[in-house]
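Below: one structure, written as structure tokens.
The values are calculated or read from the model by the stated rules, or taken from the named source; none is laboratory data. This one's a predicted model, so the numbers in the text were calculated from it and none came from an experiment. All Cβ positions, glycine included, derive from the backbone under ideal geometry; neighbour counts span all protein chains shown.
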Amino acid sequence: MEEDIMLHSMQYPAPGQFDFSQQRRTFRLEMLRSVPQGVIFTVFATFSIYVAIREFDLSPWMKGAILSSSSVGLLLSLFVVQLIRRIGWSVNRMAAALWSIASLGFLLAAFAGDSGLLYFGGVCFAMMALGSGLPIMSQIYRKHYADESRGRLFSRSSLSRSLVAAAAGWGFGMWLEVGGSYRLLFIVYAFGCLWMSGCVLAMAPVLLRASNRIQWFDAFRHAGEDRAFRKLLGVWMILGLGNLTAAALFVEFIGNPKYGFCLAADQSGLITSTIPMVAAMVAVLPWGWIFDRLPFYQVRAVVNLFFIVGILLYFLGGSVFWLCAGIAMHGIARSGGEILWSLWTTRFAEGERVAEYQSVHSFLTGVRGVVAPLIAFTVVGAMGAVSVAWISAGLMGLSTLMILPEMLNEWRARSSGDSSTELNP
């Protein structure tokens, strides 16, 4: 039988006993971390693919692999949590180590010269490391943010990230359009990773229960024991496959002349980075308020609706105006989806189980994130972008119908004045 060693008391006090001074310190550092995180966000959605197309003319499978690499990192995050338990590091220290590794990958991409292969390897390496460290931040939010204010605080740092990402998307696009070297962008990304590492190390350390043995897939036991968690994992898989399949083609759809747009770098950056980030900025604080106060499943359904409408407008509109309208709707949905993705396990899990719940959720996010871009680039070649949009919208609509019973239960609970269902889905 596995022997567990308690290296640190993982107590999660009631609101009346909560250390709000620690919350304030964590929030200030999280706001500082949001600056480089917003800059780095532009590499995922826009500039990794734009450089792959315009500078190196990488093959479709390589572009799909770049888009999938952060999802591979999410796959690895399942094992990162178990590794933390084995070596006894704090969550903070592991996150900082992974982000430092990502900086090396961006530096490799920056100095790849004329080698598309080195660029490809460096970007994939960096994005995998970033993806691996993303989910464990949920444990820090669970420990250092009070339940009643977690959504509000997260939405404020998310607003800061969106502001920075919007400015960076526009600025980097202009830089490339006037002939600037992409190498500077990737040096900035590398520096940003080190900045994030410093911020998370300055937060109070959060330690998990250590273990003498590693059971790599042990966290999956929660899916077998918790019916609500198990169902939501399935719902999220269908939803994510639909959304990520369409999102994988956002840059390709407007950058490749075969689809009728072939927009320049500044226009591509404006549409795929700046506009959705501005939309997210407008919506993120309301989403944070909604998350803290309204029933979970109803919030999930409304976010899904914004995703569906945004994708259909983007791919079916047929003009730059509808591209902008669609990506703005998607940006609104993305801001709500980011809050739900990052914090929903804090409603379902207690104490240090948040990291394990989130690692399972992230692992499955990684599965669909690896598969979705490959599906997207395969299906679009055979059936066209419009078909991909309808398939994606259909999957997201199906996932919404799957949670209809839970939404009805929430409405009944609110009507009867029983808040237990809302607070503990």
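Can you work out which of the residues in region 65-80 that are buried (at least 23 other Cβ atoms within 10 Å of the Cβ) and of a type in the set (Gly, Ala, Ser) is nearest to Gly192 (Cα to Cα)? If we take residues in region 65-80 being buried (at least 23 other Cβ atoms within 10 Å of the Cβ) and of a type in the set (Gly, Ala, Ser), then Ser70 is nearest to Gly192 (Cα to Cα). If you filter region 257-307 down to residues that are among the basic types (Lys, Arg) and under 25 Å from Ile391 (Cα atoms), you find that the one that is surrounded by the fewest Cβ atoms within 10 Å (Cβ to Cβ) is Lys258. From the list Leu233, Leu207, Leu176, which residue is surrounded by fewer than 21 Cβ atoms within 10 Å (Cβ to Cβ), out of contact with any strand residue (DSSP E or B) (no Cβ under 8 Å at 6 or more places or on another chain) and among the aliphatic types (A, V, I, L, M)? Criteria check complete, one pass: Leu233.
Those helices (runs of 4 or more DSSP H) of region 292-359 in which at least 3 residues are free of Cβ contacts under 8 Å to residues at least 60 places away in the same chain and on the phi < 0 side of the Ramachandran plot, considering only elements entirely within it, cover 296-316, 320-343.
Ser132 passes every criterion in (1) surrounded by 23 or more Cβ atoms within 10 Å (Cβ to Cβ); (2) under 19 Å from Thr42 (Cβ atoms) apart from (2).
Being crowded, with 24+ Cβ neighbours inside 10 Å and either touching a Cys at 6+ places or on another chain (Cβ under 7 Å) or closer than 26 Å to Met407 by Cα (or both) is the requirement here; does Gly310 meet it? Yes. Taking the criterion of being under 27 Å from Glu30 (Cβ atoms), of a type in the set (A, V, I, L, M) and out of contact with any Leu (no Cβ under 6 Å at 6 or more places or on another chain), the residues of region 115-148 that qualify are Val123, Ala126, Met127, Met128, Leu130, Leu134, Ile136, Met137, Ile140, Ala146. Across region 329-342, a minimum of one residue is classified as surrounded by fewer than 23 Cβ atoms within 10 Å (Cβ to Cβ), polar (S, T, N, Q) and either within 20 Å of Ser70 (Cα to Cα) or touching a Pro at 6+ places or on another chain (Cβ under 8 Å) (or both). Exactly one residue out of Phe56, Phe111 is surrounded by fewer than 18 Cβ atoms within 10 Å (Cβ to Cβ), among the aromatic types (Phe, Trp, Tyr) and more than 19 Å from the chain's Cα centre (by Cα), and it is Phe111. Scanning region 343-361 for residues that are acidic (Asp, Glu) and surrounded by fewer than 20 Cβ atoms within 10 Å (Cβ to Cβ) gives a single hit, Glu350. Would you say Gly192 is within 21 Å of Gly255 (Cα to Cα), at pLDDT 85 or above and part of a helix (DSSP H, G or I)? Criteria not met by Gly192. Only one of the numbered conditions (1) within 23 Å of Gln37 (Cα to Cα); (2) in contact (Cβ under 8 Å) with a residue 24 or more places away in the chain; (3) assigned to a helix (DSSP H, G or I); (4) not charged (D, E, K, R) is violated by Val206, and that is (3). Of the residues Ala228, Ala223, the single one that is surrounded by fewer than 20 Cβ atoms within 10 Å (Cβ to Cβ), in contact with a Lys or Arg (Cβ under 6 Å, 6 or more places away or on another chain) and part of a helix (DSSP H, G or I) is Ala223.
Just checking, does region 187-203 include any residue being closer than 24 Å to Phe306 by Cα, within 23 Å of the chain's Cα centre (by Cα), surrounded by fewer than 21 Cβ atoms within 10 Å (Cβ to Cβ) and not hydrophobic (A, V, I, L, M, F, W, C)? No, region 187-203 contains no residue that is closer than 24 Å to Phe306 by Cα, within 23 Å of the chain's Cα centre (by Cα), surrounded by fewer than 21 Cβ atoms within 10 Å (Cβ to Cβ) and not hydrophobic (A, V, I, L, M, F, W, C). Here are some conditions: (1) touching a strand residue (DSSP E or B) at 6+ places or on another chain (Cβ under 7 Å); (2) closer than 20 Å to Tyr182 by Cα; (3) among the charged types (D, E, K, R). Arg86 meets all but one. Which one does it not meet? The single condition Arg86 does not satisfy is (2).
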